[in-house]
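Trainee: Below you will find the structure I want to go over with you.
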Amino acid sequence: MDAKNQATLVNLKKARSHLDRIVKMTEDGEYCIDIMQQNLAVIGLLKSAHQMMMEGHLNSCFSNAMKTTNEERKQKMVQEILTVSKLVSKT
């Protein structure tokens with residue numbers, strides 16, 4: 001696993017840990033603002049992980065697809081990026 005994937009994995013594991021904490025805080029009836037702050041931390045970690053994954057995908061899978069002469073593959077990759085980008089803009 002390369003350094004970029006490792007950093008992404010670290011963010012995902014941190015997000016999972018924070019999310020477990022949020023569940024416990026909610027179950028224990030802790031102060032709403034404290035829970036919301038933890039929730040925002042999870043959102044930040046997930047957004048960061050998403051950006052790292054997107055960068056890795058663009059620099060590897062997408063880049064390799066664009067170098068081929070297979071127009072169908074190229075269009076599929078472009079559509080995948082557009083689909084993910086549209087989903088991100090909804091969040």
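Trainee: Within the set of pairs 6+ apart or on separate chains, which have a first residue in region 61-82 that is of a type in the set (D, E), a second that is part of a helix (DSSP H, G or I) and surrounded by 14 or more Cβ atoms within 10 Å (Cβ to Cβ), and C-beta atoms under 9 Å apart?
Mentor: Listed by first residue and then by second, the contacts come to E80/H57; E80/F62.
Trainee: I need the helices (runs of 4 or more DSSP H) fully contained in region 20-91, keeping only those with at least 2 residues that are loosely packed, with under 12 Cβ neighbours inside 10 Å and either in contact with a Leu (Cβ under 6 Å, 6 or more places away or on another chain) or at pLDDT below 95 (or both).
Mentor: Details: elements: 32-57, 63-67, 71-90.
Output list reads 63-67, 71-90.
Trainee: So, one more: So which residues in region 10-66 are closer than 17 Å to V88 by Cα and touching a His at 6+ places or on another chain (Cβ under 9 Å)?
Mentor: V42, L45
Trainee: May I pose another question? Within the set of pairs 6 or more residues apart or between chains, which connect a residue that is touching a residue at least 40 places away in the same chain (Cβ under 8 Å) inside region 31-56 to a residue that is among the β-branched types (V, I, T) and surrounded by 16 or more Cβ atoms within 10 Å (Cβ to Cβ) with Cβ atoms less than 7 Å apart?
Mentor: That search, which allows pairs on different chains as well, returns A49/T8; M52/T8; M53/T8.
Trainee: Taking the condition of being hydroxyl-bearing (S, T, Y) and outside any helix (DSSP H, G or I), how many residues in region 1-19 meet it?
Mentor: Filtering region 1-19 down to residues hydroxyl-bearing (S, T, Y) leaves 8, 17.
Subsequent filtering for residues that are outside any helix (DSSP H, G or I) retains none.
So the answer is 0.
Trainee: Could you give every pair whose Cβ atoms fall below 9 Å, whose first residue belongs to region 1-16 and is loosely packed, with under 14 Cβ neighbours inside 10 Å, and whose second residue is not in a helix (DSSP H, G or I), counting only separations of at least 6 or pairs across chains?
Mentor: If the second residue must be not in a helix (DSSP H, G or I), the pairs left are L9/M1.
The values are calculated or read from the model by the stated rules, or taken from the named source; none is laboratory data. Note that the structure is a prediction, hence the values are computed from the model and not measured. All Cβ positions, glycine included, derive from the backbone under ideal geometry; neighbour counts span all protein chains shown.
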